[in-house]
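First up is the structure itself, then whatever we jot down about it.
The values are calculated or read from the model by the stated rules, or taken from the named source; none is laboratory data. Note that the structure is a prediction, hence the values are computed from the model and not measured. Here the Cβ is made from the backbone with ideal geometry for all residues, glycine too, and neighbour counts use every protein chain on show. Just so you know, the surface numbers come from the protein's heavy atoms only, side chains and all, with ligands and any DNA or RNA stripped out. Shrake-Rupley method; radii C 1.70, N 1.55, O 1.52, S 1.80 Å.
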Amino acid sequence: ISRLESRQLDYIGYKVIRAASGEEALKIIESRMEEIDMVLMDIDLGAGMNGTIAAREILKKKQDMPVIFLSSHTEDDMIEKIDHIASYGYIVKNTGITVLAASIKTAFKLHEANRQLRVISDNFSTVFHANPDSMSITRIADGLILDINQAFTCLTGYRRDEVIGRSMVDDLKLWIDSEDWTRLIAELDKAGNVSGRTVTIRVKDGYQKTLQI
């Protein structure tokens, strides 16, 4: 089956490197990492390392390597073995080259979309933490703080470990008038943004500061 599928994939334009075991697959990954764009992995590889262990080891070496499981097993207990592995799909063997090719194309598209999301996330993180303006990422429902930048610490005196996971309204009581928070959220919900609003907060040392949002 492996040889047949390799020939079929080669025919439609993919270069295939075959491995007869999990151990061999790891050696290939280590020596030819830059050549490999995707891994098709069976679960049952016979004696030695099984497919789930091999996939985990591969992902340790290259976290963003797209892995598709290709197996003849359809039992629930076999499929459950891959639940905690960041794979890009599960294909049953002998479903045909059309299904296999379509699954590979979908996996590549999903992998590229995830890569672009990581780039956007990294760029946002850089801008967020380097921004000279005080900023926090806060859950609207209850004011729970998920992240802050250094400017927030400079403004309020609170370190990151003192505020993450705490509500700026109920726990830290940053807002002198809790109604200011209520009105801000209502305006945000209605208009999608808030600007030109003046609020007063109480910082860590007890002093009050007036801010324009």
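Among the residues making up region 192-212, a single one is of a type in the set (A, V, I, L, M, F, W, C) and either out of contact with any strand residue (DSSP E or B) (no Cβ under 7 Å at 6 or more places or on another chain) or open to solvent by 60 Å² or more (accessible area, probe 1.4 Å) (or both): V194.
When I120, I28, I36, I97 are checked against the criterion of being without any contact (Cβ under 8 Å) to a residue 12 or more places away in the chain and over 19 Å from the mean Cα position of the chain (by Cα), a single residue qualifies: I28. When the residues of region 1-25 are filtered to those that are surrounded by 13 or more Cβ atoms within 10 Å (Cβ to Cβ) and of a type in the set (S, T, Y), the one that is farthest from A101 (Cα to Cα) is S21.
Scanning region 145-165 for residues that are open to solvent by 30 Å² or more (accessible area, probe 1.4 Å), touching a residue at least 12 places away in the same chain (Cβ under 8 Å) and either within 19 Å of I185 (Cβ to Cβ) or under 25 Å from the mean Cα position of the chain (by Cα) (or both) yields a count of 5. Only residues that are acidic (D, E) and assigned to a loop (DSSP other than H, G, I, E, B) were counted across region 187-213, and they come to 1.
Residues are listed down the side, and each one gets a yes or a no for (1) surrounded by 16 or more Cβ atoms within 10 Å (Cβ to Cβ); (2) touching a helix residue (DSSP H, G or I) at 6+ places or on another chain (Cβ under 9 Å); (3) among the aliphatic types (A, V, I, L, M):
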| site | (1), (2), (3) |
| --- | --- |
| K27 | no, no, no |
| R32 | no, no, no |
| V39 | yes, yes, yes |
| A47 | no, no, yes |
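Counting residues in region 120-137 that are surrounded by 12 or more Cβ atoms within 10 Å (Cβ to Cβ), among the charged types (D, E, K, R) and out of contact with any helix residue (DSSP H, G or I) (no Cβ under 8 Å at 6 or more places or on another chain) gives zero.
Scanning region 11-35 for residues that are among the acidic types (D, E) and more than 15 Å from P66 (Cα to Cα) gives E23, E24, E30.
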